[in-house]
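**Student:** Dropping the structure in here first, questions after.
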Amino acid sequence: MTYQDTLDYLFRQLPMFQRIGPAAMKKDLGNIRQLCEVLDQPHTKFRSIHLAGTNGKGSTAHLLSAVLQAAGYKVGLYTSPHYRDFRERIKINGQPVGEAFVIDFVNRHRAEFEQIQPSFFEITVAMAFACFAQEEVDIAIIETGLGGRLDSTNIVTPLLSVITNISYDHQQFLGDTLPEIAGEKAGIIKPCIPVVIGEEQAEVRSVFAEKALAEQAPLYFASRHYRVEWLREDLEHTYYDVYWEDANFAKELPVNLHGAYQSKNIVTLLKALEVLHDILPVSPAALRGGLAELKRLTNFVGRWQILDRTPLTICDSAHNEGGLGMVMRQLERVQQGQLHFVLGMVKDKDLSKVLRLLPPSAIYYFAKADIPRGLAAESLQTQAQAEGLQGDTYSSVAAALAAARQRATANDTIYIGGSIFTVAEVI
């Protein structure tokens, strides 16, 4: 099999949540345990940090990877989904896993796949574990998919569990209330393993406290200990002053990410590093250097990514109520001229709360992302109009962006978002 043959097998013959939605979901850990038994339990052969949360876990995973790389560690990073290339899901020191590894892994274990009948996600998790074990990484940063308790990644016993925050997303799987969703995310809390909660939220604080107590897991709320103040930003960096227990911790810390919401992720990062300091020490120079060079070190894409400056063109893959709310506040800060909004979303979500967060003054360009889960442009337009958002429909994300570029002046702003898959088509 060639690399493309291998991808075709993975994408077309295996159920993939990102493409088809709920039908791809597996509601237990049986398959991943069987796969890892075939692979000689690779997840037991490396140290890890396990991340869950509704928003920010991808950014926090890359922040951790960058800083630990700068400190000299060999870092594995597993995230999902990918934007352009499947291999983005599995990186070592920012470099995607080689095509040869992907081909060999699928060829060697195809018979077991056909016997076990795993999902796409289960295979990619097993592949990541096998890669990190083979490469003998110093530390692997493992991001959950959409849940926690029953997520395929949840067979690791990490050095640290991290839960960034809780918002509404994937209610059909995780529950209709924030405490129910928090209960699923809290499923990554393991006996006696410390856990860092990024944001302390009154509605769900007790869920984490009770689970940590039951598991005798040391519990830390990062926002109780660190405070980050936004100072300024330029084309490459955002600068922050950082305080620990109200004492000065770092002045003008340069972070190679944009978006005021990154301050929450930085707080989570700093508390995680503090908890792990005796095992994975990081110097102040490595912290500063890793954050300053994050995108180069980790090949990070898709979050507040500037595609052009004339007109200012930005994409971001935030797609739920909590994430989009923060991104829209950031967009309001930087917007110049008329806002042109290229919007594509998926069809298996309640969009009413999300659409209410979007600016009614923007000109909208509605399109369907090129996946089976993509919501038809006409249906999106109808739902958006009910919330006072006006615009035309287009046959593709590319056609919508072309129309926005044609209509926008050099002094306007274009934003592309609403779904990871919408962003994937433009970066």
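Per-residue answers, yes or no, for (1) on the phi < 0 side of the Ramachandran plot; (2) in contact with a Gly (Cβ under 9 Å, 6 or more places away or on another chain):
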site	(1), (2)
ALA111	yes, no
GLN117	no, no
ILE123	yes, no
PHE132	yes, yes
ASP138	yes, yes
THR144	yes, yes
ASP151	yes, yes
ASN154	yes, yes
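**Student:** Another question about this same structure. Filter the range 305-321 down to the residues that are surrounded by fewer than 22 Cβ atoms within 10 Å (Cβ to Cβ), not in a strand (DSSP E or B) and not charged (D, E, K, R) and list them by number.
**Tutor:** Listed by number, the residues that qualify are THR310, PRO311, ASN320.
**Student:** Of all residues in the range 365-412, which are closer than 15 Å to GLN338 by Cα and in contact with a helix residue (DSSP H, G or I) (Cβ under 6 Å, 6 or more places away or on another chain)?
**Tutor:** TYR365
**Student:** I've got another one for you. Can you pull out the strands (runs of 3 or more DSSP E) entirely within the range 146-259 that have at least 3 residues that are within 30 Å of GLU122 (Cβ to Cβ)?
**Tutor:** On the way: elements: 160-163, 195-197, 219-221, 226-233, 238-244, 247-255.
In the range 146-259, 160-163, 195-197 are the strands (runs of 3 or more DSSP E) which contain 3 or more residues that are within 30 Å of GLU122 (Cβ to Cβ).
**Student:** What do you reckon, is HIS340 closer than 20 Å to ILE166 by Cβ and crowded, with 22+ Cβ neighbours inside 10 Å? Step through it out loud before you land on a result.
**Tutor:** Numbers: closer than 20 Å to ILE166 by Cβ: no; crowded, with 22+ Cβ neighbours inside 10 Å: yes.
Judged against the criteria, HIS340 is not a match.
**Student:** Residue by residue through the range 316-337, note down the ones that are in contact (Cβ under 8 Å) with a residue 40 or more places away in the chain and either in contact with a Pro (Cβ under 9 Å, 6 or more places away or on another chain) or small (Gly, Ala, Ser) (or both).
**Tutor:** The initial filter retains those residues of the range 316-337 that are in contact (Cβ under 8 Å) with a residue 40 or more places away in the chain, namely 316-324, 326-327, 329-331, 333-337.
Matches in the range 316-337: SER317, ALA318, GLY322, GLY323, LEU331, GLN335, GLN336, GLY337.
**Student:** Where in the range 36-115 are there strands (runs of 3 or more DSSP E), lying wholly inside it, with at least 1 residues that are of a type outside the set (Lys, Arg) and farther than 13 Å from ALA130 by Cα?
**Tutor:** Details: elements: 48-52, 75-78, 90-92.
Hits in the range 36-115: 48-52, 75-78.
**Student:** Which residues, taken from the range 246-260, are of a type in the set (Gly, Ala, Ser) and either over 12 Å from PRO284 (Cα atoms) or in the same structural domain as VAL327 (by TED's automatic domain parsing) (or both)? It would help to see each step written out before you state the result.
**Tutor:** Initial filter on the range 246-260 (of a type in the set (Gly, Ala, Ser)): 247, 250, 259-260.
Passing the criteria: ALA247, GLY259, ALA260.
**Student:** Taking the stated definitions as given, is PHE300 more than 18 Å from THR164 (Cα to Cα) and outside any loop (DSSP other than H, G, I, E, B)? Walk me through how you get there before you give the answer.
**Tutor:** On the way: more than 18 Å from THR164 (Cα to Cα): yes; outside any loop (DSSP other than H, G, I, E, B): no.
Here the answer is no, as PHE300 does not meet what is asked.
**Student:** Could you tell me which residue of the range 367-386 is surrounded by the fewest Cβ atoms within 10 Å (Cβ to Cβ), considering only residues that are touching a strand residue (DSSP E or B) at 6+ places or on another chain (Cβ under 8 Å) and assigned to a helix (DSSP H, G or I)?
**Tutor:** By that ranking, first place goes to GLU378.
**Student:** Let me ask something else. Looking only at residues that are in contact with a strand residue (DSSP E or B) (Cβ under 8 Å, 6 or more places away or on another chain), in a loop (DSSP other than H, G, I, E, B) and aliphatic (A, V, I, L, M) in the range 405-427, which one is nearest to LYS368 (Cα to Cα)? I'd like the intermediate steps shown before the answer.
**Tutor:** Restricting attention to the range 405-427, the residues satisfying the condition of being in contact with a strand residue (DSSP E or B) (Cβ under 8 Å, 6 or more places away or on another chain) are 405, 407-408, 412-419, 421-423, 426-427.
Checking which are in a loop (DSSP other than H, G, I, E, B) leaves us with 408, 412, 418-419, 426-427.
Checking which are aliphatic (A, V, I, L, M) leaves us with 408, 426-427.
Numbers: ALA408: 21, VAL426: 13, ILE427: 16 Å.
Only one residue tops the list, namely VAL426.
**Student:** Let me ask something additional. If I go through the range 387-396 residue by residue, how many of them are more than 14 Å from VAL354 (Cα to Cα), out of contact with any strand residue (DSSP E or B) (no Cβ under 6 Å at 6 or more places or on another chain) and of a type in the set (Gly, Ala, Ser)?
**Tutor:** Final tally of qualifying residues: 2.
Here's the yes/no breakdown for (1) closer than 23 Å to GLU184 by Cα; (2) of a type in the set (Lys, Arg); (3) surrounded by fewer than 18 Cβ atoms within 10 Å (Cβ to Cβ); (4) at pLDDT 95 or above:
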{"residue": "PHE11", "(1), (2), (3), (4)": "no, no, yes, no"}
{"residue": "ILE20", "(1), (2), (3), (4)": "yes, no, yes, no"}
{"residue": "LYS27", "(1), (2), (3), (4)": "yes, yes, yes, no"}
{"residue": "ILE32", "(1), (2), (3), (4)": "yes, no, no, yes"}
{"residue": "GLN41", "(1), (2), (3), (4)": "no, no, yes, yes"}
{"residue": "PHE46", "(1), (2), (3), (4)": "no, no, no, yes"}
{"residue": "ILE49", "(1), (2), (3), (4)": "yes, no, no, yes"}
{"residue": "THR54", "(1), (2), (3), (4)": "yes, no, no, no"}
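**Student:** Select, from GLY325, GLY337, the only residue that is in a helix (DSSP H, G or I) and of a type in the set (Gly, Ala, Ser). Outline the logic, then answer.
**Tutor:** Details: GLY337 fails: in a helix (DSSP H, G or I).
From the options GLY325, GLY337, the qualifying one is GLY325.
**Student:** Name the one entry in GLY391, GLY344, GLY374 that is more than 19 Å from GLU321 (Cα to Cα) and in the same structural domain as GLY323 (by TED's automatic domain parsing).
**Tutor:** It is GLY391.
**Student:** Yes or no: ALA133 in the same structural domain as GLY198 (by TED's automatic domain parsing), more than 20 Å from the chain's Cα centre (by Cα) and not charged (D, E, K, R)?
**Tutor:** Details: in the same structural domain as GLY198 (by TED's automatic domain parsing): yes; more than 20 Å from the chain's Cα centre (by Cα): yes; not charged (D, E, K, R): yes.
Taking the combined requirement at face value, the residue satisfies it.
**Student:** A further question follows. For the range 325-362, name all the residues that are closer than 22 Å to GLN406 by Cβ and hydroxyl-bearing (Ser, Thr, Tyr).
**Tutor:** If the condition is that a residue be closer than 22 Å to GLN406 by Cβ and hydroxyl-bearing (Ser, Thr, Tyr), then SER361 is the only one that fits.
**Student:** Checking ASP350 against (1) closer than 22 Å to GLY302 by Cβ; (2) of a type outside the set (A, V, I, L, M, F, W, C); (3) within 23 Å of the chain's Cα centre (by Cα); (4) in a loop (DSSP other than H, G, I, E, B): exactly one of these is not met. Which one?
**Tutor:** Only one criterion is unmet by ASP350, namely (1).
**Student:** Take the conditions touching a residue at least 12 places away in the same chain (Cβ under 8 Å), surrounded by fewer than 19 Cβ atoms within 10 Å (Cβ to Cβ), among the aliphatic types (A, V, I, L, M) and within 21 Å of VAL334 (Cβ to Cβ) and apply them to ILE427. Does it pass?
**Tutor:** Working: touching a residue at least 12 places away in the same chain (Cβ under 8 Å): yes; surrounded by fewer than 19 Cβ atoms within 10 Å (Cβ to Cβ): yes; among the aliphatic types (A, V, I, L, M): yes; within 21 Å of VAL334 (Cβ to Cβ): yes.
In short, yes.
The values are calculated or read from the model by the stated rules, or taken from the named source; none is laboratory data. Just so it is clear, the structure is predicted and the values come from calculations on it, not from any experiment. When we count neighbours, we look across all protein chains shown, and the Cβ atoms used for this are built from the backbone with ideal geometry, even at glycine.
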